[in-house]
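Before any comments, here is the structure.
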Amino acid sequence: MTSNLDMCRGLTRAAYDAVIEARDAVGRKSVETRGADHSIFQHETKAEEAITEYLRKQSEKRPGLRIGLGVELIDRPFAIHRGTVTQMSYDEIKDFADVYFLVDPIDGSKADIPVLQAYVVGTGYGGELKENGTIQIGGTQEAYVTAIMCTPSEPTLKKALGCSMTRFDGTEFFADEYSAYVSDDGRRRSGPVAAEQLDDININTKFYTAAHYGHAAELATLVIGTLLRELSIPEERSPGVRSTGSTTFDMLQPGMTRSIAFDIRDELNKEMKKRGIAMKRGAYTHDFAPPTFWARRAGARVSDLDGSELDCDLFTYEKASYLVAPPGKAGETVRKVLADKVMPKLPALADILEKELNWTHAKKD
């Protein structure tokens, strides 16, 4: 019988398959469009539909199981039982469901699932042109379908039971209550992933800064500059800096590479709120919960800026700041710089943003 973790993995694979099918149906088009007709919106819809249908079919196979499904930005979660899908309030879901899945149909949409296609024409025998098919071009490394599962009676990140993140090149990252794994095709898998110790920050280290749009770049520049000065790192030993547009991608890296990921946009958001400005962008529950679960099972530490273990309610839609680092001294070194040296500078940065940037569109009525 299918286990709950198998269902968690199956729903991300079902969404992946649906999106790939929709993407490949584009045909010979070689132009990526933007706006309401951008393929990413179609992909998100396809992914959500595939997830719901997959769980509906699973509920027919397991008629005694009551499933709750929460999807990014949907106010009322889905209740799935015996092949029927309805919607309930979160309070009702807590009483109804045996297992609850929180899903992000596409994390990393700023990175873009490839929708640009180039039609390949090769040379056949005799030198004549021969049509060979299409190739996909785009950032599959940075876009994922993600899911985390819990029991509704204990709907917290710390009490979660498993997760799955299927990347749009087919690679899956999943974890149970004990270990983290990687699978290249949904079947073969690695042995348990174990993060390697990181004590020193140098040219081999990478920082993932969550600075994939303009205003966040101001914050990332402040953080990196402060780190370099406080740690007295010369230019020739300076670590690499990355901005991918994918919370999942960023948070997975410390479990596999010599890297540290952080997102402190919510700390700046708190300062901007004091000035009557609401910043909407940041890492939300559905963004950071699945990769946090995986990173911890891989041996990485995921904390708040005060050093406490990151946690959240999986039934809420809230933002948080985080620091993800391999085991070792480096993560705590960075956290202390963020807490002691960067945080005191945020009020001044907020003043600059309020005065010099066009925030009028973000002000509350």
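Bear in mind that the values in this text are calculations on the coordinates, not laboratory data. None of the values given here were measured: they were computed from a predicted structure. Methodologically, a virtual Cβ is constructed for each residue, glycine included, from the backbone with ideal geometry; neighbour enumeration extends over all protein chains shown.
Taking every pair of alpha-carbon atoms in the stretch 182-253, give the share separated by more than 16 Å as a whole percent.
61
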So, by mean Cβ neighbours within 10 angstrom, what's the order for 190-203, 322-335 with the highest one leading? 322-335, 190-203
Exceeding 26 Å between C-alpha atoms, which entries from my cross-link table qualify? They are LYS280/LYS329; LYS270/LYS336; LYS61/LYS319. LYS280/LYS329; LYS61/LYS319
Per-q log10 I(q)/I(0), the stretch 206-362, q = 0.13, 0.15, 0.19 Å⁻¹ (Debye; single scatterer per alpha-carbon; no solvent): -0.58, -0.77, -1.24
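Given R₀ = 41 Å, FRET efficiency for ASN202-LYS270 by Cβ-Cβ distance, to 0.05?
Between ASN202 and LYS270 the formula returns 0.80.
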Label model pair HIS215, THR156: point-to-point distance (7 angstrom along the Cα→beta-carbon line) in nm is 3.1
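Sorted by average packing, counted as other Cβ atoms within 10 angstrom per residue and highest first, what order do 260-272, 217-229 take?
Top of the packing list down: 260-272, 217-229.
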Explain nothing, just compute: Karplus ³J(HN,Hα) = 6.51 cos²θ - 1.76 cosθ + 1.60, θ = phi - 60°, for every residue of the stretch 326-340 in order, whole Hz, x for Gly and Pro. x, x, x, 6, 4, x, 5, 4, 5, 4, 5, 5, 4, 6, 8
